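Q: Structure provided below as structure tokens; questions to follow.
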Amino acid sequence: MKNSFNALMRIVTKEWIIIVLLIILTLPLRFINLGYSDYVKDEHRTFFDHRVTVSPVQFFISQRKGPMQVFVSYIPYLFTHDFHNELAERIPYALINIASVVFFYLMISKLTKNRMIGFISALLYLVNGFVSAFGRIVQYQNLNLIFTFLSLYLYSDLLDIKDRKKTFFKTLLGTFFYCLSILSHWDAVFAVLPIAIILAQFLFNKRHETKYKIQVLVINFLLGCLLLLPYLIPYILYQLESSDNQRYLFRRVGVGEKDHSIRTLIELYHPFVFYWFLIIGTAIGGIFIKKNYYFLSWAVFTYLVFNFFVIKPGTHIYNFVIPALVVCAIGIERILCYSPKLIRGVIILSFLALFSFFYYQTYILFVDHTVEYPWRQEKILGKYETINYEDYPVLPLFGFPLRRDWDQINEFVNEQNRINNENLKYITNEDASTSNFYMDASYGTSTPAYYYIAVKQPLSFVNDWKAPQIKNKRTVKEIEINGETVVRIYRVENP
């Protein structure tokens, strides 16, 4: 047992080994079957393509989040000239997600001055269901995460200044990356608390001259204004006049009954063990306040906001889950340090078994598509069955494996319209925002006929794929995925 602990300590003293190991562990969870699924509705909203009928400026300020994801999504398009290439569009986000694992490790190690804590935190982070799901879709969360981690990593130099000029330059870089995080999504606001703690410690440190402190604050403030205000001023003015976006905001923010409990959302992405591990681990880690006040305050503050002031939290709860994972990691590392040598090996093996289970569970839910969870119940370890989500209200589904081959559906309808010299419309039980992205035909019914695209277990969870209420229909096309018919295209004669 003693030898195993000493071997682990030797590994974590070599940083490059840790980084390589983290990358190797993360790669399969992000890249295997990355192009399998059709886009979920939020993915194709990141595209600025030929269908956009407004000016670029109008497009950017009308969005519900910052512009960074639109720029990143456009990079693959420069090479493929095809936003329908799901694999190409997701590759940059998968790479950014993997890089975030590395910078998460570096940031935690630097703030805690402990590579073991950084290593354990990064292991928990890379198998986290939310993080894994984000790494498999075209979405802003990956940008939020990496830019926030970079900013905290750079700001943390203020806690131990050795070279003032170098530290000052790093704070400017920290401000630059934090502004990029804000321009990715407003979730960046939740990182204000740890940043404020770092700045407070710097300001109350009597070793630094007042003149230097003022210089750091003023120049960084001016840089932040320079980077943010040219976008935020027209954005805020537009949003104040947009009744649609205001309604969206008040549907999500406020005091009232939630669409889904926080536990339901956590267990959707981590069906077994994780929820209780998070609670117990946070409670144990919270004891060691000197090691975790950055992360415990971050996690508790963000949790309270989502629990009391957000009606529809969705997957945004990752904002408190991630710092809570660090608190858990601190608890594990402290227990290791305070345990007798004979017990340490047992603790290490127990953690490795837990990590292996989380890794396997994440792979089964998000990478393997034999069973398309959560539309179908998945069995973990062959016997623990997930719950049935059919009767739940609309769930926030990101990164889960679901393919209905909408490109083939679109091609078939276009071909039929061309052959028959028609311009028939279509309707579907799938979410209209998803189908409208893929389909060239217009949505709706038409005369003398229209197409009903019946999707089995759709993103919308509207399982009306047999549609007995629709008369005068006949099947003209079936699409199989994994040997099963999952789409039927009906031609409906309109009397």
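Q: Looking at the stretch 356-412, which GluC sites (Glu not before Pro) are in a loop (DSSP not H, G, I, E or B) and have at most 10 other Cβ atoms within 10 Å?
A: none
Q: To make sure I understand the rule: partners must be lysines, Cα under 26 Å from the Cα of K162, and not fewer than 8 residues away in the same chain. Which ones qualify?
A: Hits, sequence-local ones excluded: K14, K110, K113, K170, K206, K211, K213, K290, K291.
Q: Same structure, new question: Please give the FRET efficiency for V273 paired with K14, using the beta carbon to beta carbon distance and R0 = 41 Å, rounded to the nearest 0.05.
A: Calculated transfer efficiency: 0.85.
Q: What is the sum of charges, Lys and Arg at +1 and Asp and Glu at -1, for the other residues whose Cβ falls under 9 Å from the Cβ of N114?
A: Within the 9 Å Cβ shell, the charges total +2.
Q: Amide H of T428 versus every other amide H placed in the peptide plane: which residues, excluding those fewer than 5 positions away on the same chain, fall under 5 Å?
A: It is I453, by chain and number.
Q: With the crude spin-label approximation of a point 7 Å out along Cα→Cβ, what separation in nm comes out for Y77 versus R207?
A: 5.0
Q: Could you compute the net charge surrounding E378? Neighbours are other residues with a C-beta less than 11 Å from the C-beta of E378; K and R count +1, D and E count -1.
A: Value of the local net charge: -1.
Q: Let me make sure I get this right: for the stretch 192-349, a, b and c are the square roots of the gyration tensor eigenvalues over alpha carbons, sorted descending. Under 1.5 in a/c it's rounded, otherwise prolate if a/b > b/c, else oblate. Which is it?
A: Oblate shape, in that a/c is at least 1.5 and b/c is the bigger or equal ratio.
Q: Given the Cα-Cα distance of Y363 and R474 and 0.36 nm per residue of separation, how much length would full extension add, in nm?
A: Between Y363 and R474, full extension yields 36.0 nm more.
Q: How much accessible area per residue does the stretch 279-410 have, in Å², with a 1.4 Å probe?
A: 43
Q: Grab the eigenvalues of the alpha-carbon gyration tensor for the chain, scale each by 5, take roots, and send me the semi-axes largest first in whole angstrom.
A: Taking √(5λ) for each eigenvalue gives 44, 29, 19 Å, largest first.
Q: Please report how far the C-alpha centroid of the stretch 129-176 lies from that of the stretch 293-354, rounded to the nearest whole angstrom.
A: Their Cα centres are 20 Å away from one another.
Q: Another question about this same structure. S55 to S339: FRET efficiency via 1/(1 + (r/R0)^6), r the Cβ-Cβ distance, R0 51 Å, to the nearest 0.05?
A: Efficiency, rounded to the nearest 0.05: 0.20.
Q: Any idea how many Lys pairs in the stretch 363-495 come in under 29 angstrom at the alpha carbon, given 8 or more places apart or on separate chains?
A: So the count works out to 13.
Q: Something else: Provide the gained length on full extension for the span F355 to N494, in nm with one decimal, where the gain is 0.36 nm per separating residue minus the Cα-Cα distance.
A: That works out to 44.4 nm of additional length.
Q: A further question follows. Using alpha-carbon positions, what is the distance between the centroids of the stretch 188-219 and the stretch 432-493, in Å?
A: Centre-to-centre distance over Cα atoms comes out at 58 Å.
Q: Can I ask one more? If you average the C-alpha positions of the stretch 37-84 and of the stretch 229-245 separately, how far apart do those two centres end up, in angstrom?
A: Computed from Cα coordinates, the inter-centre distance equals 19 Å.
Q: Each residue of the stretch 195-203 in order: what ³J(HN,Hα) in whole Hz does its phi give by Karplus 6.51 cos²θ - 1.76 cosθ + 1.60, θ = phi - 60°, with x for Gly and Pro?
A: In residue order, the calculated couplings are 5, 5, 5, 4, 5, 5, 5, 5, 5 Hz.
Q: What is the calculated FRET efficiency for Y392 to L173, with r their C-beta to C-beta distance and R₀ = 60 Å, to the nearest 0.05?
A: 0.85
Q: Take the solvent-accessible surface of the protein heavy atoms, probe 1.4 Å, and return the percent of it on the stretch 350-409 that carbon and sulfur atoms account for.
A: Its accessible area is 54 percent carbon and sulfur atoms.
Q: Heavy atoms only, probe 1.4 angstrom, no DNA, RNA or ligands counted: give me F357, F130 ranked by accessible area, highest first.
A: In descending accessible area the options line up as F357, F130.
The values are calculated or read from the model by the stated rules, or taken from the named source; none is laboratory data. Quick caveat: nothing in here was measured; it's all calculated off a predicted structure. Neighbour counts are summed over all protein chains in view; Cβ atoms, including those assigned to glycine, are modelled from backbone coordinates with ideal geometry. Heavy atoms of the whole protein, side chains included, go into the accessibility calculation; ligands, DNA and RNA do not. Shrake-Rupley method; radii C 1.70, N 1.55, O 1.52, S 1.80 Å.
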